[in-house]
Each structure stands twice: as C-alpha cells, then as structure tokens.
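The values are calculated or read from the model by the stated rules, or taken from the named source; none is laboratory data. Bear in mind the structure is a predicted one, so any value in this text is a computation, not a measurement. All Cβ positions, glycine included, derive from the backbone under ideal geometry; neighbour counts span all protein chains shown. Surface accessibility is based on the protein's heavy atoms, side chains included, excluding ligands, DNA and RNA. Shrake-Rupley method; radii C 1.70, N 1.55, O 1.52, S 1.80 Å.
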Amino acid sequence: MSSGASARRPDSGLVARRRTRLALATMLGLLLAITAAGLFTTYRLYRSAEDRYVKEAFPLRLVSRDLLVQMLDEETGVRGYVISADPASLQPYAGARTRFAADLAELQRLTVRRPEIAGQVQRTGRLAHSVDAYLRRQIVLVRSGRAGQLRAQSHVLGGKARFDRFRASAAALGNHADQIVAEAEREQRHTFWRALAFVLLLAAGAAAIGAALLAQLPGRLHDLYRREQEARQRAERGDRASRSLEHVQEAVVLVDADGTVRYWNRAAASNLGVSEEAALGRPVAALLPELAGVEASLARAGTAQVPVQRDGADRWFAVSESRFADGRVLVLRNVTDEQRLERARAEFLATASHELRTPLAAVYGAVRTLTRVDRPADADMDRRLLTMIEEESERLRGIVEQILVASQLDRGRLTLDRKTCELRQLGESVLASARVRAADKYTFVLDAPGDVHVECDPARLRQVLANLVDNALKYAPDGGSIRLRVSEPNGHARIEVEDEGIGIAPEAQQRVFEKFYRVDPDMHTGVGGSGLGLFISRELVEQMGGRMSLRSMPGVGSTFVIDLPREAHP
C-alpha cells in the first residue's frame, strides 16, 4: 500500500498543477472577455454619440439657431432701411439672405437621416419665405419715396407676427435636436447596463476562480507579502505625490480633522507669503482667516473665490476643497489677473456704453428733428443740427478708432510709416486744431525750437499729442494754460504737455497707462473717455523707440513727458 500511495502522489500533484493551469487559463479568458466587452461597449457608445450627437443633433441645433440669426440680420437690416432710407443699411440683409439659403439647404440635407423632421423643415421654409416676401415689400415701399417709407413703418407689427411664427418653427426644430439627444441617452443607458451586467457576470466568475486559487496558497505568507507591497506602494505614491505637488502652480494645503496644517507646498508659500516651516502645525484659520467667509460655499459646492490680502494688496484665489475621513485638502489657484481683467472689461463696457449713448442720442434727435414733415423751414436751425450731427459722428468715429487701434496693438498688426518729422511744426498743427474747438478760457503756449527732428510716424505722433492735449482740456474744466514744450536733454528729443487741471492722485498714476483704466470710472466728475487713449499713446511712443512718463500733483496739474531718440535705431 505504501508503494501504491507513493505512486499516486505524483499523479495527484500533476492533476493539481493541471487544475491550477486550467483555472488560470479560464480566469485569463474571462479577463480578456471583460476587456473585449469593455472595448465593445466603449465603441458602441462612441458610435452612438457620433451618429446621434455629432451627425444629427448638433448640426440640427446649430443650423436652426443659425436660421434665427440670419433672419434676425435680415430683419434688422430692413428695419434700419425703413427708418433711415439709407441703402447702406441693407448690407446685413443681403449677406444674411445668402447664408440663410445655405442653412436651409443644410436642414433639407439633414432630413435624409431624420425624415420625421421633413414636415417641420418645410413649414420653417414656408414661414421663412413669407418673412422674406414681407421684407422685400418693405424695401420696395421705402424705395418708392417718403409716402412709401411711412407705409412701411406702419407695417412693422405685421412683420413682427410673421417673424414670431418663424421663430417658433425654428425653435421646434431645436426641440427635435433635444429629442434626438434624449433618444441617444436612452440607447446609451441601455447599452451601458447590458454591458455592465455582462462584465459583472464575467467578473464574478473570475473572482470565484481567483478566490479558489488564493485558498490554496499559504495564507500567512501571502498576507505578509501583501502588507509589505502595500506599504511600499503607499510610501512610493506619497513620495511621488509630494514631489509632484512641489512643482504645481496652485497652492495645496492639507488640513487634518482638527484644522491643523499638515502639508504646505512651495506654491502656497510663494502665493500666500508664509513659509512651509511657519505654516506646518498651525491652525489654518490663523493662516487664512479669509476662508471663514466662504466655508458655507465650500461645504455646499466645494469651490469658492476669496480675496487674500498680502503686502497691502488683494490677491484673488479660486479655492476648491476635497474632504476625507481624516481631514481635507484645499487647492488655491491665483486668479488675480483674471479678476483684474474681468473688472477692466466690465468698466470698459460701462464706459463705452455711456460714451456711445450720448453722441448717438444727439445724432438720433437731430435726425428726427430734420425729418419731421410738420417742422417749419429754418435754414439756421438746419445748419446747427447738421453741424451737431457732424461733430457727434466725429466723436463716434474717434471712439471706434481707439478701439480698433487698441485691437491692432494687441495683435501686433499696427505698422508705422517712419519719416523725418520736425517737432515745432507738429506742435503748431496740434495746438491750432485744439484752439478751434476749445473755449476762450484756455490759452495755448508752444515753447519749441525750430530745428528738432526725429524719425517717427508723423500721423501717429500727432495722434498721441492730440490725445494728450484733449486730456488736458477735459481735466482742466476751469480753464487755464496748456503748454507744449520741446527740448533736447541728453541727446534725446523731449515733448512735454502740461496743464493746470485737477491732477492725478499718486495711487492712480501707476495705472493711467493700463488698458481700459479711467481715473474716474464712475464718471462722477463728468469727464468721459474709453480708457484707451493713454494706453494707445504709450504703446505708439514705445513702438517709435521712445518712452512716456507722467508727473502730476492733485489740484495743481499734470505733465505728460515723451522722450524720443534723435536718430532711428538700426
């Protein structure tokens, strides 16, 4: 028996090895099947998203919205033509008609994939032709003369009703896009759940096989090995994470359950002005008391924005919080520049709206007065109104020109026409123009020798000096002397524009050359402006190889200084 038993032992070992190999092969097959199922599901979801979203829903929604935009452009152009009878007002109408036809053709192409929207597309097309016919009748009426223009103006409400019907039909096309998205979501959800059930079934089989294999191994050895591996992996992950966090730009702070700082990366030390040694072990409430005001927002949404005062200035941070059992992680991203830019944009929009509204109102009022049929003939009044229209239009042109020049400077597309320029002649031209439009309470003085030449763009340099003189007029409401001086210190040509106005506060002098910045953003003093003049002036001077600076004292006046090289740079 002993010999028979010993003969059977190798066979049982071989069977065990074969069973282990079979179990491993089966588990590998199940894992491959899980992988294949995951890939297949991913592909199905991707194809569904591409077919429904990219090829159907998104084009349908985009084109339906474009139809509304083009029709609105047509209606706006014709409305402007009905009001002004100016053929130039029809330019948006002509362009929009062409684009509208292309969009309608695209919609008809989409009906090949979605025949159920064909009826809605046809209805939208009919309504569009109805609106277009109405707009063409309006154009014909206006072209027929003043009586036709008045008739066209009286038909505005009828056009609105047609446009509203067209808008509703186009919106219904957008609703079809939403329905397509909803169908795609249902189909993807069903695909996901079916794939999940299949994967779970395969995973259960693989887990059962894995459990059987693990039961055959020495448990203690496996447990010790697993613990060692996990400890080493945790240490490696912690070390990698710590090294990585030292190089991120965001401030990362780890706080334990008691609110004590346990980690403070290099960016936190740089942005918050507190070293790592000084931060570790201290309450986060003492280091960042500003967070107390946003705790509710962090708890609710996990994010907030908070100003942190450092070195006498506010720095804005976007704070995000992740909580876990032993504490929380705070990530603070410096968004000071974004806040400043957003504030500058808001101030510019408010300023531009105010600056554009005033001349537009004056032009509109003058035009309405001139076009009144019941107004008695008055040549003197007509001349004054036309002069007002010309002056306010020039003001509008100046504002738009400033915006365009600022845009060209930002994109680096502004080129200079460099020539030799004599500064005394240029100063005389600028002051002569200012005298024509200035009140008698201002006196202009030119102090310049007659032989100072520089290489520059004369037109752009004249624009800079005219802007400085205009600023002197605006910020000296009580009048006084405005002096333009030219000198030659240290081999340079220097131009100074000095006024006796209200001056500029010291804290504002560092910012007056920033884009969109205005000394009086709320316009309490009544001084208008887009906040672009000094920014453009400094950029132009620097492109000519010079520099621009400011001396000012509140209540005394301001002096803007331009230094230019006498000869061009090679």
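Starting from region 90-107, keep only residues that are farther than 12 Å from LEU72 by Cα, then list their pairs with residues that are surrounded by 13 or more Cβ atoms within 10 Å (Cβ to Cβ) and acidic (Asp, Glu) whose Cβ atoms are within a distance under 7 Å, requiring at least 6 positions of separation or different chains.
ASP103/ASP66
Could you please let me know if GLY259 is open to solvent by 30 Å² or more (accessible area, probe 1.4 Å) and at positive phi?
When the stated conditions are applied, GLY259 does not pass them.
Inspect region 447-454 for any residue being within 43 Å of the chain's Cα centre (by Cα) and at pLDDT 90 or above and give the result as yes or no.
Yes: one or more hits.
Quick one: is ALA172 surrounded by fewer than 16 Cβ atoms within 10 Å (Cβ to Cβ), farther than 30 Å from MET27 by Cα and at pLDDT 75 or above?
The answer is yes for ALA172.
Residues VAL54, VAL69: which one is open to solvent by 70 Å² or more (accessible area, probe 1.4 Å), at pLDDT below 75, under 26 Å from the mean Cα position of the chain (by Cα) and of a type in the set (Val, Ile, Thr)?
VAL54
Would you please name the residue that is farthest from THR111 (Cα to Cα), looking only at residues in region 188-202 that are at pLDDT 75 or above and surrounded by 15 or more Cβ atoms within 10 Å (Cβ to Cβ)?
Looking at the filtered set, the residue picked out is LEU202.
Taking region 270-312 on its own, how many of its residues are in contact (Cβ under 8 Å) with a residue 12 or more places away in the chain, open to solvent by less than 40 Å² (accessible area, probe 1.4 Å), among the small types (Gly, Ala, Ser) and within 23 Å of ARG340 (Cα to Cα)?
1
Within region 74-83, take every residue that is without any contact (Cβ under 8 Å) to a residue 24 or more places away in the chain and open to solvent by less than 60 Å² (accessible area, probe 1.4 Å) and give me the one that is nearest to TYR364 (Cα to Cα).
Applying the filter and picking the extreme gives GLY80.
Would you be able to say whether some residue in region 67-87 is over 30 Å from THR371 (Cα atoms), assigned to a helix (DSSP H, G or I) and out of contact with any helix residue (DSSP H, G or I) (no Cβ under 6 Å at 6 or more places or on another chain)?
Yes, that holds for at least one residue.
Note down all Cβ pairs under 6 Å where the first residue falls in region 134-147 and is touching a residue at least 24 places away in the same chain (Cβ under 8 Å), the second is of a type in the set (Val, Ile, Thr), and they're at least six residues apart or on different chains.
Within 6 Å, the pairs are LEU135/VAL78; GLN138/VAL78; GLN138/VAL82; VAL142/VAL82.
If a residue counts only when it is within 31 Å of the chain's Cα centre (by Cα) and modelled with pLDDT of 80 or more, which helices (runs of 4 or more DSSP H) contained entirely in region 264-338 have at least 2 such residues?
Result: 266-272.
Can you tell me which residues in region 473-490 are crowded, with 19+ Cβ neighbours inside 10 Å and either touching a residue at least 60 places away in the same chain (Cβ under 8 Å) or part of a loop (DSSP other than H, G, I, E, B) (or both)?
Residues satisfying the conditions are TYR475, ALA476, VAL486.
Give the residues of region 542-570 that are outside any strand (DSSP E or B), surrounded by fewer than 21 Cβ atoms within 10 Å (Cβ to Cβ), of a type outside the set (D, E, K, R) and at pLDDT 85 or above, sorted by residue number.
GLN543, GLY545, PRO554, GLY555, VAL556
Listed here are the residues, each with its yes/no results for (1) open to solvent by 50 Å² or more (accessible area, probe 1.4 Å); (2) closer than 24 Å to ARG485 by Cβ; (3) at pLDDT 85 or above.
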{"site": "GLU500", "(1), (2), (3)": "yes, yes, yes"}
{"site": "ILE504", "(1), (2), (3)": "no, yes, yes"}
{"site": "ASP520", "(1), (2), (3)": "no, no, no"}
{"site": "GLY526", "(1), (2), (3)": "yes, no, no"}
{"site": "ARG538", "(1), (2), (3)": "yes, yes, yes"}
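For ARG460, are the conditions met, namely being touching a residue at least 60 places away in the same chain (Cβ under 8 Å) and surrounded by 14 or more Cβ atoms within 10 Å (Cβ to Cβ)?
yes
Please state which one of ARG137, ARG123, ARG97, ARG114 is surrounded by 15 or more Cβ atoms within 10 Å (Cβ to Cβ), modelled with pLDDT of 80 or more and under 16 Å from SER64 (Cα atoms).
Answer to the check: ARG123.
Does GLY159 satisfy the condition of being free of Cβ contacts under 8 Å to residues at least 24 places away in the same chain, surrounded by 17 or more Cβ atoms within 10 Å (Cβ to Cβ), touching a helix residue (DSSP H, G or I) at 6+ places or on another chain (Cβ under 7 Å) and in a helix (DSSP H, G or I)?
No, not satisfied.
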